[in-house]
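Quick notes on the structure that follows.
The values are calculated or read from the model by the stated rules, or taken from the named source; none is laboratory data. Please read these numbers as outputs of a predicted model, since none were measured by experiment. As a convention, Cβ positions derive from the backbone with ideal geometry for all residues, glycine included, and neighbour counts pool all protein chains shown. Accessible surface areas use protein heavy atoms only, side chains included; no ligands, DNA or RNA. Shrake-Rupley method; radii C 1.70, N 1.55, O 1.52, S 1.80 Å.
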Amino acid sequence: MQLQNFQLNFPKMKFLSFFLIAILLLQSFEEALTLSDAADSLTQVDEAGILGGLLKKIPKPKINCSHECTRRCSKSSRKNLCHRACKTCCLRCHCVPPGTYGNKNVCPCYAKLRTHGNKPKCP
């Protein structure tokens, strides 16, 4: 009796396994085509020279943070506090805005740093 049930179910299992394998193959081909399209679009972007700039790690210029922060904090009423915060920002961003106040648009990283209270960190 069990042998007869197995013989009846065997074609169904064979069809089901074939169907599952076909679905997996279709998914892998679709993924390969998607990756191929992405590589083609990256090649087109790379021809424009944009991708090369994104993939290269551009070394940030070394600046004298101590000197720049002394200049930035020269008119501050709390020089030590200003200098300490400025040096932290300078070491992270490798940039200090010109002048003694404002001009943070020159260094976007410097302008984006915030304290835990969501106040601007950098003077």
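What is the packing order of peptides 19-31, 66-78, 82-94, taking the mean over residues of other C-beta atoms within 10 Å and listing the highest first?
Ranking, from highest mean packing down: 82-94, 66-78, 19-31.
Step through the residues of region 102-107 one at a time and calculate ³J(HN,Hα) from phi using the Karplus curve (6.51 cos²θ - 1.76 cosθ + 1.60, θ = phi - 60°), rounding each to whole Hz and writing x for Gly and Pro.
Ordered by residue, 3J(HN,Hα) equals x, 6, 6, 5, 6, 10 Hz.
Mind ranking 96, 106 by accessible surface for me, highest first, 1.4 Å probe?
106, 96
Quickly work out the residue 92-to-residue 70 label distance, labels modelled 7 Å from Cα along the C-beta direction, and quote it in nm with one decimal.
2.5 nm
Measuring from label point to label point, each 7 Å out along Cα→Cβ, what is the residue 63 to residue 30 span in nm?
5.0 nm
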